[in-house]
Amino acid sequence: MTPETVKLFASALAIAVGGIGPALAIGLIGMKAMESIGRNPEATGKLLVPMLLGMAFAEAIAIYSLVVALIIQFVL
């Protein structure tokens with residue numbers, strides 16, 4: 001295997017593995033928030049901000065893995 005092939009494979013693996021966890025977390029956060037709103041519609045205002053914050057923190061992990069993949073691809 002050439003070094004370019006290894007770099008491409010490593011960056012693809014970094015973004016794939018780093019994207020699975022946050023995708024699942026965002027889905028679970030949204031699912032539980034919608035379930036809670038369905039059971040108690042009056043709690044929508046109390047649930048919206050924590051739900052969005054949780055999704056933003058989970059998405060930040062995916063962005064970190066994207067940065068790592070780009071560093072592997074173009075810097076190393």
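Every read-out reported here was derived from the displayed coordinates using simple, explicitly stated rules and does not represent laboratory data. This structure is a prediction, so every number in the text was calculated from the model and none was measured. Cβ sites come from the backbone with ideal geometry, for glycine too, and all protein chains shown count toward neighbours.
Please determine whether any residue of segment 51-59 is in contact (Cβ under 8 Å) with a residue 12 or more places away in the chain, part of a helix (DSSP H, G or I) and either of a type in the set (Val, Ile, Thr) or loosely packed, with under 12 Cβ neighbours inside 10 Å (or both). No, segment 51-59 has no match at all.
If the condition is being of a type in the set (Lys, Arg) and either loosely packed, with under 12 Cβ neighbours inside 10 Å or touching a strand residue (DSSP E or B) at 6+ places or on another chain (Cβ under 8 Å) (or both), then segment 9-45 contributes only Arg39. Pairing each residue of segment 65-76 that is exposed (fewer than 13 other Cβ atoms within 10 Å of the Cβ) with any residue that is not β-branched (Val, Ile, Thr), provided the two are 6+ apart or on different chains, yields C-beta distances under 8 Å for Leu76/Lys7.
Name every residue in segment 17-46 that is more than 20 Å from the chain's Cα centre (by Cα) and assigned to a helix (DSSP H, G or I), in order of residue number. Answer for segment 17-46, where residues must be more than 20 Å from the chain's Cα centre (by Cα) and assigned to a helix (DSSP H, G or I): Glu35, Ser36, Ile37, Gly38, Arg39, Pro41, Glu42, Ala43, Thr44, Gly45, Lys46.
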